[in-house]
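S.K.: Sharing a structure below in structure tokens format, with a few things to ask.
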Amino acid sequence: MSMPVAPPGWPREVRPPDAPDWETTAVNWLLDLCPSEYRRYQGLRRHAVVLARFAVIHVEADQAAVRRGLSGIRVDLRDVANDAVIEAAVQTFLIEDARLAAVRRSAGLVEEALRGRRYVARL
């Protein structure tokens, strides 16, 4: 039997697919991506694939919000902030957009693994 393999972009908080308790670590990590209220829904806690789909959709919504904010931030703040403050806000949105892109990739990989996809080590 081969060792469990995690692909590039796999979240460090989640054990590789088929490692002991990997699904438990996946559920915990996915819940951390979602609004705290999601922890109350037993259906999400019991069905990791469903939770993964919810988490991916939530991260995608965060990405959309960041992009919306970025597209209008200069106009939205021009009457209340100076150029330096506005530029700092733009940079914050850009950093968050990059972070969310990485989180979306990771969440997608976990979802695929929960659906049965397995990864192989490349030489």
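The values are calculated or read from the model by the stated rules, or taken from the named source; none is laboratory data. Here the structure is a predicted model, which is why all the values come from computation and not from measurement. Cβ atoms come from the backbone with ideal geometry, glycine included; neighbour counts cover every protein chain shown. Side chains are part of the model used for accessible areas, which takes the heavy atoms of the whole protein and leaves out ligands, DNA and RNA. Shrake-Rupley method; radii C 1.70, N 1.55, O 1.52, S 1.80 Å.
S.K.: How large is the accessible surface of Ile73 in square angstrom, using a 1.4 angstrom probe and rounding to the nearest 10?
M.R.: Here the accessible area works out near 20 Å².
S.K.: Let me ask you something else. In square angstrom, rounded to the nearest 10, how much accessible surface does Trp29 have for a 1.4 Å probe?
M.R.: Here the accessible area works out near 30 Å².
S.K.: Radius of gyration and Dmax for the chain's Cα atoms, expressed in Å?
M.R.: 17.9, 64
S.K.: Now, a different point. Helix 83-114: angle to the longest alpha-carbon principal axis of the chain, degrees 0 to 90, nearest 10?
M.R.: 20
S.K.: What whole number of Å gives the distance from the Cα centroid of the stretch 75-114 to the Cα centroid of the stretch 1-64?
M.R.: Comparing the Cα centres of the stretch 1-64 and the stretch 75-114, I get a distance of 21 Å.
S.K.: Hey, another quick one. What angle do you read, to the nearest 10 degrees and between 0 and 90, between the alpha-carbon axis of helix 48-77 and the longest principal axis of the chain?
M.R.: 10
S.K.: Any idea of the accessible area per residue across the chain, 1.4 Å probe, to the nearest Å²?
M.R.: Details: 8040 Å² over 123 residues.
Per residue, the chain has 65 Å² of solvent-accessible surface.
S.K.: Divide by every residue of the chain the summed helix terms, -39500 (n - 2.57) for each DSSP H run of at least 4, and state the resulting mean residue ellipticity at 222 nm, rounded to the nearest 500 deg cm²/dmol.
M.R.: Numbers: 4 runs with 79 residues, N = 123.
Using -39500 (n - 2.57) per qualifying helix, the result is -22000 deg cm²/dmol.
S.K.: Measure nothing fancy, just the Cα-based angle from helix 22-33's long axis to the longest principal axis of the chain, in degrees from 0 to 90, nearest 10.
M.R.: 10
S.K.: Using a 1.4 Å probe and counting only protein heavy atoms, arrange Phe54, Phe93 so the residue with the most accessible area comes first. Intermediate values should be presented prior to the final figure.
M.R.: Values: Phe54 90, Phe93 50 Å².
Most to least solvent-accessible, the answer reads Phe54, Phe93.
S.K.: With a 1.4 Å probe and all protein chains left in place, how much of the accessible area of the stretch 14-58 comes from carbon and sulfur atoms, in whole percent? Don't skip to the end; give the middle numbers.
M.R.: Working: 1290 of 2520 Å².
The computed percentage sits at 51.
S.K.: About the Cα centre of the stretch 23-123, what is the dipole size in debye to 20, counting +1 per Lys and Arg Cβ and -1 per Asp and Glu Cβ, all else neutral? Mind dumping the intermediate values first?
M.R.: Details: 16 positive and 13 negative charges, 134 e Å.
The dipole of the stretch 23-123 has a size of about 640 debye.
S.K.: Got the relative contact order for the stretch 49-122 handy, in percent, Cα pairs under 8 Å and 6 or more residues apart?
M.R.: Working: 36 pairs, mean separation 36.9, N = 74.
Worked out over the stretch 49-122, it gives 50 percent.
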